[in-house]
Amino acid sequence: MPQGRLIYRQRLITRITHWVWAVCLFFLMRTGLQIFNAHPLLHIGLESGFKYDNAILAIETRQNGLELQGITRIFGVEFDTTGVLGASNGEARALPAALTIPSNRSLATGRVIHFFFAWVLVVTLAI
């Protein structure tokens, strides 16, 4: 490789803000999955509730004898997703603990972390 002067293509502030964005998006994704764990249904239409069955995605758990069975329903078609979605390690959760921040079921903590990093992202975008 030819030796020469090192030229930075981006300023330091640009590189720093991009790394901050990457960290923020990582935490926003993982805490967003924790928030989704609290109510793992995605509805279509203007109305939703207990008497409506208009979920396009549902991750549920059913008792099958002595063990839990994970069921994922997409547009009304059901798939057995035990061990991945719905039920993993004998626990009823939409998504495994390894994918969420925090890993335990704490909606309040997930929301606090989520909104913190959302504000960090907004401030960084303003810079």
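Observations on the structure shown:
- Flag if PHE26 is among the aromatic types (Phe, Trp, Tyr), modelled with pLDDT of 90 or more and out of contact with any Pro (no Cβ under 9 Å at 6 or more places or on another chain): yes
- Of all residues in the stretch 36-53, those being more than 24 Å from SER103 (Cβ to Cβ) and part of a loop (DSSP other than H, G, I, E, B) number 10.
- Tallying residues that are of a type in the set (Val, Ile, Thr) and assigned to a loop (DSSP other than H, G, I, E, B) within the stretch 1-35 yields 1.
The values are calculated or read from the model by the stated rules, or taken from the named source; none is laboratory data. In this text the structure is predicted, and so the values were computed from the model without any measurement. Neighbour counts are summed over all protein chains in view; Cβ atoms, including those assigned to glycine, are modelled from backbone coordinates with ideal geometry.
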